[in-house]
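Engineer: I have a structure I would like to understand better, so I am pasting it below and will then ask my questions one at a time.
The values are calculated or read from the model by the stated rules, or taken from the named source; none is laboratory data. All values derive from a computational prediction rather than experimental measurement. All Cβ positions, glycine included, derive from the backbone under ideal geometry; neighbour counts span all protein chains shown. Just the protein is used for accessible areas: all its heavy atoms, side chains included, with ligands, DNA and RNA removed. Shrake-Rupley method; radii C 1.70, N 1.55, O 1.52, S 1.80 Å.
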Amino acid sequence: MAGKVFFSVSMSLDGFIAPETSEELMGKQWMELQQWVFPLRFFRENLKLGGGGEEGRDNDIVRETFERTGASVMGKRMFDAGEKMWPAEAPFHTPVFVVTHEKRDPWERPGGTTFHFVNDGIETALDLAREAAGDRDVRIAGGGATILEYVNAGLVDEFSIALSPVLFGSGIRLFDGVDASRVAVEPVRSEPSSRVTHLTYAVRPR
């Protein structure tokens, strides 16, 4: 298997990656958490928000993350929230495998994104994503519970955090429930920018 399995998220200084409920997505705190990405040229181009935008290392990292991803896996909660918020041309442009108990035919969107609904667990979803990704990587897109399932199952090779100077106080913590007796991490690199600090870690069995 040529590609890696990874996730990449924005995280608040106190360890949260999302508000408690999907209704709070796009709210003030979540917008503050993600605000580093909105002005970037690649982000604007990918969502067809018009020309212009900032370049630099933040922009390069967002573009590199997109380019390395050959397929994505996500949980039903993230899909349900995104189905309401994503534009018709969803921003993945690759196959996406949704871990769910719902039986549903594939949902093809303009621009190369097709959502496939997988009913028999995270490993099957990952196997399908690996096959679809070819020699590129598989991204575990979220949400937090799905990322944690893959981490605890020993199926994640690497992850990146954009540590944002925001405090949540409550919400969904990235590693709430991690099996620390089985999972260890090793620093790969740290890159500060004017808005966030990009942290990358390799994951290995403890």
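Engineer: If you check R173 against the conditions, is it within 27 Å of L25 (Cα to Cα), basic (K, R) and open to solvent by 60 Å² or more (accessible area, probe 1.4 Å)?
Structural biologist: Working: within 27 Å of L25 (Cα to Cα): yes; basic (K, R): yes; open to solvent by 60 Å² or more (accessible area, probe 1.4 Å): yes.
Against the criterion (within 27 Å of L25 (Cα to Cα), basic (K, R) and open to solvent by 60 Å² or more (accessible area, probe 1.4 Å)), R173 qualifies.
Engineer: Where residues in segment 14-46 are in a helix (DSSP H, G or I), farther than 22 Å from E64 by Cα and not acidic (D, E), which of them is modelled with the lowest pLDDT?
Structural biologist: Of all residues in segment 14-46, those in a helix (DSSP H, G or I) come to 22-24, 28-34, 41-46.
Remaining after also requiring farther than 22 Å from E64 by Cα: 22-24, 28-32.
With the extra rule that they be not acidic (D, E), the set shrinks to 22, 28-31.
Details: S22: 74, K28: 85, Q29: 86, W30: 86, M31: 90.
If we take residues in segment 14-46 being in a helix (DSSP H, G or I), farther than 22 Å from E64 by Cα and not acidic (D, E), then S22 is modelled with the lowest pLDDT.
Engineer: Could I ask something else about it? Restricting to segment 142-157, and then to whatever is open to solvent by 20 Å² or more (accessible area, probe 1.4 Å) and out of contact with any Pro (no Cβ under 8 Å at 6 or more places or on another chain), can you tell me which residue is nearest to V73 (Cα to Cα)?
Structural biologist: Our first condition is that a residue be open to solvent by 20 Å² or more (accessible area, probe 1.4 Å); within segment 142-157, this holds for 143, 145, 148-149, 152-155, 157.
Pick out the ones that are also out of contact with any Pro (no Cβ under 8 Å at 6 or more places or on another chain) and you get 143, 145, 148-149, 152-153, 155, 157.
Details: G143: 10, A145: 12, L148: 13, E149: 12, N152: 16, A153: 15, L155: 12, D157: 14 Å.
Selected residue: G143.
Engineer: If you don't mind, there's one more thing I want to ask. Somewhere in segment 197-204, is a residue over 16 Å from K4 (Cβ atoms), open to solvent by 70 Å² or more (accessible area, probe 1.4 Å) and not hydrophobic (A, V, I, L, M, F, W, C)?
Structural biologist: Quick first cut of segment 197-204, residues over 16 Å from K4 (Cβ atoms) only: 197-199.
In the following step, the residues that additionally are open to solvent by 70 Å² or more (accessible area, probe 1.4 Å) were identified as none.
Within segment 197-204, not a single residue is over 16 Å from K4 (Cβ atoms), open to solvent by 70 Å² or more (accessible area, probe 1.4 Å) and not hydrophobic (A, V, I, L, M, F, W, C).
Engineer: While we're looking at this one, here's another question. If you go through segment 1-36 one residue at a time, how many are of a type in the set (S, T, Y) and within 18 Å of E83 (Cα to Cα)?
Structural biologist: Just the residues of segment 1-36 that are of a type in the set (S, T, Y), to begin with: 8, 10, 12, 21-22.
From what's left, within 18 Å of E83 (Cα to Cα): 21-22.
The number of residues fulfilling the criteria is 2.
Engineer: Of the numbered conditions (1) open to solvent by less than 70 Å² (accessible area, probe 1.4 Å); (2) in a loop (DSSP other than H, G, I, E, B), V9 fails exactly one; give the number of that condition.
Structural biologist: Unmet for V9, out of (1) open to solvent by less than 70 Å² (accessible area, probe 1.4 Å); (2) in a loop (DSSP other than H, G, I, E, B): (2).
Residues are listed down the side, and each one gets a yes or a no for (1) farther than 26 Å from L167 by Cα; (2) crowded, with 16+ Cβ neighbours inside 10 Å; (3) touching an Asp or Glu at 6+ places or on another chain (Cβ under 9 Å):
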| residue | (1), (2), (3) |
| --- | --- |
| L33 | no, yes, no |
| E45 | yes, no, no |
| G50 | yes, no, no |
| I61 | no, yes, yes |
| E64 | yes, no, no |
| R68 | yes, yes, yes |
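Engineer: For a quick check of your reading of the model, give me the residue pairs whose first member lies in segment 44-60 and is under 14 Å from V196 (Cα atoms) and touching a residue at least 40 places away in the same chain (Cβ under 8 Å), whose second is in a loop (DSSP other than H, G, I, E, B) and basic (K, R), with beta-carbon atoms closer than 9 Å and at least 6 apart or on different chains.
Structural biologist: Taking only residues 6 or more apart or on different chains, the pairs are D58/R195.
Engineer: Can F97 be described as out of contact with any Lys or Arg (no Cβ under 6 Å at 6 or more places or on another chain), in a strand (DSSP E or B) and aromatic (F, W, Y)? Let's see the steps before the verdict.
Structural biologist: Working: out of contact with any Lys or Arg (no Cβ under 6 Å at 6 or more places or on another chain): yes; in a strand (DSSP E or B): yes; aromatic (F, W, Y): yes.
Yes, satisfied.
Engineer: Right, something else. Do we have any residue at all in segment 118-132 that's over 20 Å from T100 (Cα atoms) and not aliphatic (A, V, I, L, M)? Talk me through it step by step, then tell me what you get.
Structural biologist: Of the residues in segment 118-132, the ones over 20 Å from T100 (Cα atoms) are none.
Within segment 118-132, none of the residues are over 20 Å from T100 (Cα atoms) and not aliphatic (A, V, I, L, M).
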